[in-house]
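Below is one structure, written out as structure tokens, with a few remarks after it.
No lab work stands behind these numbers, since they all come straight from the coordinates. Computed from a prediction, not measured in an experiment: that's the story for all the values here. Neighbour counts run over all protein chains shown; Cβ positions are idealised from the backbone, glycine included.
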Amino acid sequence: MTQIQKPRIGITLGDYNGVGPEVVIKALADNRLLNLVTPVLYGSGKVISFYKKLLNVDEFNFSQVRNKGQFAPKSINVVNSWGDDAGEIIPGKASKESGKASFIALKQASEELKEGIIDALVTAPIDKHTIHSDEFPFKGHTEFLTQFFEASESLMFMISEKLRVGLVTEHIPVKDIAAAITKEKIEAKLKVMDASLRKDFGIIKPKIAVLGLNPHAGDNGLLGLEEEQIIRPLISDQKNKGRLVFGPFPADGFFAAGTYLKYDGVLAMYHDQGLVPFKSVAFEDGVNFTAGLPVVRTSPDHGTGYAIAGKNQAHEGSMREAIYKAAEIFKHRNEPSKEK
Amino acid sequence: MEKKRPILGISAGDPAGVGPEITAKALSLKEIYAVCKPLVVCDAKIIEQIIGICGLNLSVNAVTKPDEGKYEFGTVDVLDMHNIDEATFRFNEVSVMTGKASFEYVAKVIELAKSKMIDATITGPIHKEAIQKAGFHFAGHTEIYAALTNTKDYTMMLADGGFRVAHVSTHVSLLDAIKRVKKDRVLKVIQLANDALKKIDIKNPRIAVAGLNPHAGENGLFGKEEIDEILPAIEEAKKLNIHAEGPFPPDTIFPKMKGGQYDIVICMYHDQGHIPTKLLGFNYNHEKNTWEGLSGVNITLGLPIIRVSVDHGVAFDKGGKGEANPESMIQAIRYGARLAGSGDR
């Protein structure tokens, strides 16, 4: 019997002054993960040694990658993305240097992912302010990767055991949401979600719920018109095409009554409509998955957590889950299967 | 020492829904009578009928004014409004008769509270369409209370145990909600929440204020309302010795309150507060594999009288079946008693 190759999962350390390195180290310290994946960390061995010492983690050994693409299959591989001159490590401090370093690692990992040197990417949190530059004019990982991999549309898809929720609009001011909610936009996101549920999660005929924008889903036009003018007509249209798309549901009642358990995916109109319930339901096993890309990318559902950086208080659950999920989705995509 | 037992006027809600049933079931608990004197405002026949359907061991004492009540466990004191015709009454139907009746129950408890004949009001669920059909053009209870008590600055607070939210706006479109995120209004809601929590004996309420935008705007990267309106309101509240903090990213503040770090979260719009509260209030029974709830209550802050309501609707699929869960009504009565100074914990 030939040994099936374990997926090579690239993991960026994120901002080295945030909780990224800590959650990566803690997640991989459980070496059972090494039976499932070959982890390749993009960042620096120096940063990892710093946090390993600070956190008193003994059971964490790694090998430096000397030649591009040559990984030790049974150990944690570390690629030095940046040199020793990339600034001082001060946990909790936003710095230009750490922002720049996080970009260098992300860029390198993305390139190697494109070249097929690694199979999937897991990203630790970056600082949206300090990473911002002419080279990185994006709001976050998702926007960067969508452009880098030349995808026409991607979906921020939050996944957990009980709930998968995708967002029509992501990191934009609430005042701009209503204008961004167009028929075309919602349809494009629905298409990505439907395809992802089939291809990445193996669901043959996905059932999708669409939330309303306004309180009580507009209450028949009394509390806003977007539901009647845009969302409801497009849902009937989808139904006529034979798709299992339902709604628009009032967001509060939808989550209160546990209705979400009956659907394979939920499409939320804006960030907090999806993220507020997601974080309550998923708590520690929530993962952010970018659907619609030609490659697999996941990340934990938290930020840099400067306030607790270096204090050994960060939970690694979401990072561990992100690594598992990346491997799982990669396998789903590459299974020779019937209907996709 | 004898505890004060405030008189609570309970408007039973639309008789065709679950309101009278959850009221009767709540009053079949002895501990309710230890903390208050409940007076149900309804048609006495309706209460008698539902007691029969549910097989409760209670008798009805029909009265015409609050001081005629016995307020003893085992007897339900009903201020009899005589406004339901048994011949035409049907459960689970929208009708002018029950819409009108339910409006009259609400108007009655407000009138009694304003004239200080009762100490607090508790409301059962009404049906918005039925109220409208009967000619009363209000979006809901809160608007009725505001109109009948002539109140301008009020806010809706939802509470489920120690999980509490108060809203800067509620029943308006998302676009209109954004326009209401103004410093003065945010400050007012912080103050109303602070006052209400002090009334239930939280000495120095810890108030978390949520942002409007994703990640609370990330210092202006995705929206400026946090910087222009919300933060100044928090600063102002601090000057008034109110323990207010924020603005916090909306998606991470609720788990913090659940963990006990705050007593209330001030929310910028309807769904921001309603989604997490209702999600929490609905409980899944793993043994029976069914959802049970809701356990939360709805409190209108800023009124000259006390008003607490159940946090669910008329449930026009469960009326008259004897299966409704009274948890929210029980909590509403307890909250009402606390706000009216019963000293109940």
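Remarks
- For the pair B:Lys30 and A:Lys114, label points projected 7 Å from Cα toward Cβ lie 7.6 nm apart.
- Inter-label distance, B:Glu68 to B:Arg90: 3.3 nm, where each label sits 7 Å from its Cα along the C-beta direction.
- Simple point charges give the picture: +1 on the Cβ of Lys and Arg, -1 on the Cβ of Asp and Glu, and for the stretch A:154-290 a dipole about the Cα centre of about 560 debye.
- Of all lysines in the structure, the ones whose alpha carbon falls short of 27 Å from that of B:Lys128, not counting any fewer than 8 places away in one chain, are B:Lys25, B:Lys45, B:Lys100, B:Lys108, B:Lys114, B:Lys152, B:Lys179, B:Lys278, B:Lys318, B:Lys321.
- Cα gyration tensor shape of the stretch A:154-290, rounded if a/c is under 1.5, else prolate or oblate by comparing a/b with b/c: rounded
- For the stretch A:141-191, dividing the convex hull volume of the Cα atoms by the residue count gives 105 Å³ per residue.
- Only Lys, Arg (+1) and Asp, Glu (-1) charged, at Cβ; the protein assembly as shown dipole about Cα centre in debye: 700
- Remark: the B:Glu111-B:Leu148 segment gains 12.5 nm on full extension, using 0.36 nm per residue and subtracting the alpha carbon distance.
- For the stretch A:137-193 and the stretch A:200-220, distance of Cα centres in Å: 15
- Relative to the longest principal axis of the Cα atoms of chain B, the long axis of helix B:96-114 makes an angle of roughly 70 degrees.
- Taking 0.36 nm per residue of sequence separation and removing the Cα-Cα distance, the A:Phe283/A:Gln229 pair yields an extension gain of 15.9 nm.
- Counting only other chain Cβ atoms within 10 Å of each residue's Cβ, the peptide B:172-183 averages 5.
- Inter-probe distance in nm under a simple model that places probes 7 Å from Cα toward Cβ, at A:Asn334 and B:Asp184: 6.3
- Taking a point 7 Å from the Cα of B:Asp228 along the Cα-to-Cβ direction, the residues of the stretch B:184-198 with backbone N closer than 18 Å to it are B:184-187.
- Degrees, to the nearest 10: A:96-114 long Cα axis against longest axis of chain A: 80
- R0 of 30 Å, Cβ-Cβ distance A:Ser75-A:Glu161: FRET efficiency to nearest 0.05: 0.50
- Whether the stretch B:155-277 is rounded, prolate or oblate, judged on the alpha carbon gyration tensor where a/c under 1.5 counts as rounded: rounded
- Antiparallel %, DSSP beta bridges [both residues in the stretch A:154-290], to 5: 45
- Direction-averaged projected area, Cα convex hull, the stretch B:107-162: 5.0 nm², rounded to one decimal.
- Computed over Cα pairs, the Kirkwood radius of the stretch A:56-163 leads via Stokes-Einstein (1.567 mPa s, 4 °C) to a diffusion coefficient of 81 µm² per second.
- Here chain A carries DSSP beta bridges of which approximately 30% are antiparallel, counting only pairs with both residues inside.
- Value of [θ]222 nm, deg cm²/dmol, for the protein assembly as shown, DSSP H segments ≥ 4, -39500 (n - 2.57) each, nearest 500: -10500 deg cm²/dmol
- Only Lys, Arg (+1) and Asp, Glu (-1) charged, at Cβ; chain B dipole about Cα centre in debye: 760
- Shape of chain A, Cα gyration tensor, a/c cut at 1.5: prolate
- Dipole of the protein assembly as shown [Lys/Arg +1, Asp/Glu -1 at C-beta], most positive-end residue of A:Met193, B:Pro20, B:Thr155: A:Met193
- Considering only B:Ala332, B:His127, B:Ile305, the residue lying farthest towards the positive end of the dipole of chain B is B:Ile305, judged by Cα position with unit charges set on Cβ.
- Here the protein assembly as shown yields Rg over Rh of 1.03, to two decimals, using C-alpha coordinates and the Kirkwood radius.
- Efficiency of FRET between B:Ser59 and A:Leu261 - r from beta-carbon atoms, R0 51 angstrom, step 0.05: 0.75
- Principal-axis analysis of the Cα atoms of chain A puts helix A:20-29 at an angle of about 80° to the longest axis.
- Over the C-alpha atoms of chain B, the Rg to Rh ratio, Rh being the Kirkwood estimate, stands at 0.98.
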